[in-house]
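Let me begin by presenting the structure, written as structure tokens, before commenting on it.
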Amino acid sequence: LARSLASGQGMTLINLPAPETATKFPPGFPLLLAPVAALSGSSGVDAGLRGVFAMKCLVMLIFAGSAAALYLYARDLTGETKAVAVSLLAVTGPFTVSYACQVMSEIPYLMWSLLALGLVERGLRRPGWRQNYYLWAGVGAMILSCYTRSIGVALVGAATICLLARRDWSRALFISVTFLAGMVPWAIRNALAGGSTYSQQLFLADPYQPGQGQLDLAGILTRVGENIGQYG
């Protein structure tokens, strides 16, 4: 997708024999990689290897940004000493390190989501939303997180539920409406391209074996219960 964007073909699966419009993955990570793909060249094994290496380096830089975002967020909540300890534990965890140089969207999502949490946290300590620049920036980071990985919608859901529980109606409405407005362009684009692949797969019994058909009501309830258990 990054090479497709770099060559001016948009979000297109150019690796297929018959290229088709991509609707499964959001555009945030491919857009980050596109300049690297453009600078690395478009043909030859050497160009491909240079491109992958450069993309790994970019992910590592984003990982450093994630560590900084985590430190600032933790410092706001716990103070300097605990923030250093939390950050060191996080950035040296084996699973975290294993993703730190992979050309995948987990690390960019980590950075945007941590920025979103930290900025919204600061914003909620200030009154209102109109001149609350931390809150605006936090919602912007939520939108970027969802444009990186679709699960980013959980951030806005959590923030909205939290504010509704506090009876902070105006800011709950502000966050949800602003987030939805930010996602509308991508939703319209996917609708015009035939619909999101994720939406089409949501109710399949097995997305990897479409021939098994759709889930019935009992299957949907079972899946919801399993997901609540796993994510909980």
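The values are calculated or read from the model by the stated rules, or taken from the named source; none is laboratory data. This structure is a prediction, so every number in the text was calculated from the model and none was measured. Here Cβ is always computed from backbone atoms with ideal geometry, including for glycine, and neighbour counts include all displayed protein chains. Just so you know, the surface numbers come from the protein's heavy atoms only, side chains and all, with ligands and any DNA or RNA stripped out. Shrake-Rupley method; radii C 1.70, N 1.55, O 1.52, S 1.80 Å.
Looking at region 86-106, I want the residues that are closer than 13 Å to K56 by Cβ and have a partner that is of a type outside the set (A, V, I, L, M, F, W, C) with Cβ atoms under 7 Å, at least 6 apart or on another chain. Which pairs are those?
Y99/E106; C101/K56; V103/K56
What are the pairs with Cβ atoms under 6 angstrom where one residue, in region 42-55, is open to solvent by less than 60 Å² (accessible area, probe 1.4 Å) and the other, located anywhere, is at pLDDT below 85? Sequence gap at least six, or different chains.
Listed pairs, sorted by first residue: A47/S40; A47/G41; G51/S40; A54/S40.
With respect to P17, determine if the residue is crowded, with 16+ Cβ neighbours inside 10 Å and either modelled with pLDDT of 90 or more or assigned to a helix (DSSP H, G or I) (or both).
For P17, the condition - crowded, with 16+ Cβ neighbours inside 10 Å and either modelled with pLDDT of 90 or more or assigned to a helix (DSSP H, G or I) (or both) - is not met.
For I143, indicate whether it is at negative phi and over 19 Å from the mean Cα position of the chain (by Cα).
no
If I ask for residues that are outside any helix (DSSP H, G or I) and either closer than 30 Å to L49 by Cβ or among the charged types (D, E, K, R) (or both), which ones from region 64-120 would you list?
Scanning region 64-120 gives T92, G93, A100, C101, Q102, V103, M104, S105.
Hey, among the residues in region 182-211 that are aliphatic (A, V, I, L, M), loosely packed, with under 14 Cβ neighbours inside 10 Å and at pLDDT 80 or above, which one's farthest from T148 (Cα to Cα)?
Among those that are aliphatic (A, V, I, L, M), loosely packed, with under 14 Cβ neighbours inside 10 Å and at pLDDT 80 or above, it is L192.
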